[in-house]
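A.B. asks: Here it is: the structure, laid out below.
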Amino acid sequence: MTPLLTAENLVKQYPVRGGMFAEKRILTAVAGVDLELYPGETLGLAGESGCGKSTVARLLTGLTPPTSGNIRYAGRELAQMSRAELAQYRKEVQMVFQDPFSSLNPRMRVAEILGEPLEIHRIGSAAERRERVAELLRRVGLSPEHMMRFPHEFSGGQRQRIGIARALAVSPKLIIADEPVSALDLSIQAQIINLLQEVKKDLGLSFLFITHDLSVLRHLSDRVAIMYLGRIVETGSRDQVLSRPLHPYTEALLSAIPSIDPKKRTRHVIAKGELPSPVAPPSGCPFHPRCPYARPVCSEKRPELQGKVPGQRAACHFSEEIFLSEAK
Amino acid sequence: MRDQVSSPYREFWQRFASNRFATAGLVVIAVLFLLSVAAGLVTPYSPDTIDAWHVLLPPSGSHWFGTDELGRDVFTRVVYGARVSLKVGFVAVGIAVVIGTVIGLFAGFYGGWVDSVLMRLVDIMLCFPTFFLILAVIAMLEPSIWYIMVIIGLTGWMGVARLVRAEVLSLKSRDFILAARVLGASDSRIIFRHILPNALSPVLVSATLGVAGAILTESALSFLGIGVQPPTPSWGNILTSGKDYIEFAWWLSLFPGVAILVTVLSYNLVGEGIRDALDPRRQQG
């Protein structure tokens, strides 16, 4: 199967201005990311805040151009698309935002918010659009009566439903969701996750689901990619990555999820310290200053993302030794 | 169904109405408007008919504000003068708001060198002492109410431009703007449907306060004799003629002066009321 969306060696750097006499420094938000997303698949992209996940989302939606590397959608390179192709891309790739309070225009009624995508892409007559808006509201569990209301009259969860409806309006093929539930209450999170799952199943969409919460990925991803300091450090199927991680960072993230069953509580692996600054990344393996297994070579040589077992890749010199030899 | 739904405008109006000073200001402005529109109906006199038998009469039942040195009814002239003041206020501020909004939108939205050029233009304009600039320009042209309105407008847009620019900068990074971009919305759609409606509230406040400023400027120019020319009445030029008789005909100076004071105060109260109503957190202040 050919992937729907491919990212090759994506890099995004931002110049950071210090004081007037400070030398100009470069912040590398994304340091060479490869991603593949297949039709109908949900890829979960996880990592701590500040690791570059959201930048990846902005690059893939074309909100910011990458410093280098390229993005290919349905065989065409994003940077070389014609106007018409780009319009098609804008229609087929939609985004759901994190903060439902800032993602809806406070001066527009729901009918206008949901009708706008149809207007932009010149879909249907005014009456048909209205019908479509009503259908979208039902689709996300709201009522067509809500059409004439303003965003501030809704709760966070309802607003997020409106945000999802807006993304669905133009019948996209791929939805990039940037932390769509992390601003919501726990009970509402479950509802929104269920809604996303339903939508995905009914409409056969591909999803790129960005989150810092691995337990969310357990519910709705097919494959998982773990990001650390602008790089992907591990990818594989959900079950592989979440039950038998091959990178110490993934292990640390997993052990941070609290478990109710005391038998299931594995040894607590803690990533020491904080995420290093992306302005001055550590030498060698970017995770070595925090890694409990770090050895001298880790600070000298950066491990590449390599296949360790079929379907699972990790960027660690000692994956096999740490995770595959001893019976864990 | 539409009017049952609460809207931001309705809530704004409720907060505004709960402010007694602002409401009083709005009522005063509304009354002035009605008076100036219906000037011919509220007074039996004409503003420039000379009556040599009734010069400099003190206020009485037939001449509420007295008469001036040419026997004209001061109340009538003040009412007709309101037309000038209101017109100047609105047209001048309208010009300033349009220019300021357009420049602020472009500077904030496009950033980069567009922003630098436009904002340096603002800095340059702010270097001129506005009032003397107006004096100099009017001195070269023949004094007329239209020139005054245009010049006040052309020299008063910088504050609006800065306000709008700041507003656009903060809106530009909001998620709903990004959402519109992801949808493939054009720049003009983003500017006019998403940014402008959200950037206008501080402009409304500054425009209302600006009207008060423009009325003051016009009165001052007319007082100096280079604004509205007699016999057309304006509060400023009624004051000018009043100053010669101030020792024994106080009503000539008092009433137009009070009219200016009340009008400017009302606009300021309304402007502050709008500001508080737009941002409830400021209400205690």
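A.B. asks: Per DSSP H run of n ≥ 4, the term is -39500 (n - 2.57); total these for the protein assembly as shown, divide by its residue number, and report the mean residue ellipticity at 222 nm rounded to 500 deg cm²/dmol.
C.D. replies: The helix contribution divided over the protein assembly as shown gives -15000 deg cm²/dmol.
A.B. asks: Quick one: compute the contact order of segment B:1-128, relative version, from alpha carbon pairs under 8 angstrom and 6+ residues apart, as a percent.
C.D. replies: Over segment B:1-128, the number comes to 15 percent.
A.B. asks: Using the Karplus curve 6.51 cos²θ - 1.76 cosθ + 1.60 with θ = phi - 60°, what ³J(HN,Hα) values do you get for each residue of segment B:139-147, in whole Hz, with x for Gly and Pro?
C.D. replies: These are the phi-based 3J(HN,Hα) values: 4, 7, 8, 7, x, 7, 4, 5, 4 Hz.
A.B. asks: Hey, what angle do you get for helix B:158-172 against the long axis of chain B, alpha-carbon based, 0 to 90 degrees rounded to 10?
C.D. replies: Here the helix axis deviates by roughly 20 degrees.
A.B. asks: While we're here: Please compute the average number of Cβ atoms from other chains found within 10 Å of each residue's Cβ in peptide A:101-114.
C.D. replies: 4
A.B. asks: Tell me the net charge near A:D239. Cut-off is 14 Å between Cβ atoms, A:D239 excluded, with +1 for each Lys or Arg and -1 for each Asp or Glu. Spell out each step's value before the answer.
C.D. replies: Details: positive: A:R218, A:R223, A:R238, A:R244; negative: A:D222, A:E234.
Neighbour charge sum, excluding A:D239 itself: +2.
A.B. asks: Here's another thing I want to ask about it. From the cross-link list A:K53/A:K272; A:K53/A:K173; A:K12/A:K201; A:K91/A:K200; A:K24/A:K272, which pairs have alpha carbons spaced over 24 Å apart?
C.D. replies: Among A:K53/A:K272; A:K53/A:K173; A:K12/A:K201; A:K91/A:K200; A:K24/A:K272, the Cα-Cα distance tops 24 Å for A:K12/A:K201; A:K24/A:K272.
A.B. asks: On to the next question. Among all the aspartates and glutamates, which ones have a C-alpha under 19 Å from B:K172's C-alpha, if same-chain residues fewer than 8 places away are not counted?
C.D. replies: Correct list for B:K172: A:D99, A:E116, A:D178, B:D115, B:D187.
A.B. asks: Considering every Cα-Cα pair within segment A:1-90, what fraction, in whole percent, is farther apart than 18 Å?
C.D. replies: The share of Cα pairs beyond 18 Å in segment A:1-90 comes to 50 percent.
A.B. asks: So, one more: Provide the descending list of Cα extents for chain A along its principal axes, expressed in whole angstroms.
C.D. replies: 68, 53, 45
A.B. asks: When the Debye formula is applied to the Cα atoms of the protein assembly as shown, each taken as the same point scatterer, what base-10 log of I(q)/I(0) results at q = 0.06 Å⁻¹?
C.D. replies: -0.49
A.B. asks: At a Förster distance of 51 Å, what's the computed FRET efficiency of B:E247 paired with B:S173, Cβ-Cβ distance as r, to 0.05?
C.D. replies: Efficiency computed from Cβ-Cβ geometry: 0.20.
A.B. asks: Tell me the angle of helix A:83-92 to the major Cα principal axis of chain A, expressed in degrees between 0 and 90 and rounded to the nearest ten.
C.D. replies: Helix A:83-92 sits at roughly 80 degrees to that axis.
A.B. asks: Still on this model: Helix A:156-168 versus the longest principal axis of chain A: what is the Cα-based angle in degrees, 0 to 90, to the nearest 10?
C.D. replies: Result, in degrees: 80.
A.B. asks: Still on this structure: Let me make sure I get this right: for segment B:164-284, a, b and c are the square roots of the gyration tensor eigenvalues over alpha carbons, sorted descending. Under 1.5 in a/c it's rounded, otherwise prolate if a/b > b/c, else oblate. Which is it? Before the final figure, lay out the partial values.
C.D. replies: Details: a/c = 5.74, a/b = 2.71, b/c = 2.12.
Note, shape of segment B:164-284 comes out prolate.
Values quoted throughout were computed directly from the atomic coordinates according to the rules given, and no laboratory measurement underlies them. In this text, all values refer to a predicted model and were calculated from it rather than measured experimentally. No Cβ is skipped: glycine too gets one built from the backbone with ideal geometry, and neighbour counts run over all protein chains shown.
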